[in-house]
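A.B. asks: Input: one structure, supplied below.
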Amino acid sequence: MSQPEPKLGDVLAQKRTDLAADRTLWAAERTSMAWVRTGLSMIGFGFTIYKVLQAMLKEGIMLTPRPQGAKYLGLFLIGLGTLSALMGSLDFWQVAKSLHKQFGTKLKKFPLVMSSLIFMLGLWLFVSIILKAELF
């Protein structure tokens, strides 16, 4: 006994559901990449502030009652950027895993790889500044 031919309405409904799941996954990917860009910007800005103000203090161009302020501001921005890359990655992973479970969408690894690299960069810079390892 052969199975009955699916109705056209059912086929179209399934196709629309699959496309909606794909669009949701693409939106999650764009959001993840936006968090990665934001994190990278904050990490870069924090590191730049730290290095520029550190050089100004070393040269005696800037006199301040709190010479550690540049370090703390840089660390704050680097930490915030690192955290945003991590949170974007976790958010993408939850959405992708949920869509995969419900609709069988393909799990994309690129957003996770990029956010992991930015997270590791931020963590490396954060630790190197705390340990006063003059890498740059």
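A.B. asks: Tell me which residues, restricted to region 104-121, are in contact with a helix residue (DSSP H, G or I) (Cβ under 9 Å, 6 or more places away or on another chain) and either of a type in the set (Lys, Arg) or surrounded by 15 or more Cβ atoms within 10 Å (Cβ to Cβ) (or both).
C.D. replies: Thr105, Lys106, Lys108, Pro111, Leu112, Met114, Ser115, Ser116, Ile118, Phe119, Leu121
A.B. asks: Continuing with the same structure: Which ones in region 63-103 are part of a loop (DSSP other than H, G, I, E, B) and surrounded by 12 or more Cβ atoms within 10 Å (Cβ to Cβ)? Walk me through how you get there before you give the answer.
C.D. replies: Within region 63-103, the first condition is being part of a loop (DSSP other than H, G, I, E, B), and the residues that meet it are 63-68.
Passing the criteria: only Pro67.
Residues are listed down the side, and each one gets a yes or a no for (1) surrounded by 12 or more Cβ atoms within 10 Å (Cβ to Cβ); (2) more than 22 Å from Phe119 (Cα to Cα):
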| residue | (1), (2) |
| --- | --- |
| Pro6 | no, yes |
| Asp10 | no, yes |
| Thr24 | yes, yes |
| Met33 | yes, no |
| Arg37 | yes, no |
| Phe45 | yes, no |
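A.B. asks: Can I ask one more? Condition first: more than 16 Å from Trp35 (Cβ to Cβ) and without any contact (Cβ under 8 Å) to a residue 40 or more places away in the chain. Now tell me which residues in region 110-136 satisfy that.
C.D. replies: Trp124, Val127, Ser128, Leu131, Lys132, Ala133, Glu134, Leu135
A.B. asks: How about region 6-32: which of its residues are modelled with pLDDT of 90 or more and either out of contact with any Pro (no Cβ under 6 Å at 6 or more places or on another chain) or not in a helix (DSSP H, G or I) (or both)?
C.D. replies: Taking region 6-32 and keeping what is modelled with pLDDT of 90 or more, we get 23-32.
Result: Arg23, Thr24, Leu25, Trp26, Ala27, Ala28, Arg30, Thr31.
A.B. asks: What pairs come out if I take residues in region 83-101 that are closer than 12 Å to Met114 by Cα and without any contact (Cβ under 8 Å) to a residue 60 or more places away in the chain and pair them with residues that are surrounded by fewer than 18 Cβ atoms within 10 Å (Cβ to Cβ) and among the small types (Gly, Ala, Ser) whose C-beta lies under 7 Å away, six or more apart or interchain?
C.D. replies: Taking only residues 6 or more apart or on different chains, the pairs are Ser89/Ser116.
A.B. asks: With the structure loaded, tell me whether Leu57 is in contact (Cβ under 8 Å) with a residue 60 or more places away in the chain, under 22 Å from Ile130 (Cα atoms) and crowded, with 17+ Cβ neighbours inside 10 Å or whether it fails that test.
C.D. replies: Numbers: in contact (Cβ under 8 Å) with a residue 60 or more places away in the chain: no; under 22 Å from Ile130 (Cα atoms): yes; crowded, with 17+ Cβ neighbours inside 10 Å: yes.
Taking the combined requirement at face value, the residue does not satisfy it.
A.B. asks: While we're here: Test Leu53 against the stated conditions and say whether it is out of contact with any Cys (no Cβ under 6 Å at 6 or more places or on another chain) and assigned to a helix (DSSP H, G or I).
C.D. replies: In short, yes.
The values are calculated or read from the model by the stated rules, or taken from the named source; none is laboratory data. Everything numeric in this text was worked out from a predicted model, so none of it was measured. With ideal geometry, Cβ positions are generated from the backbone for all residues, glycine too; neighbour counts draw on all protein chains shown.
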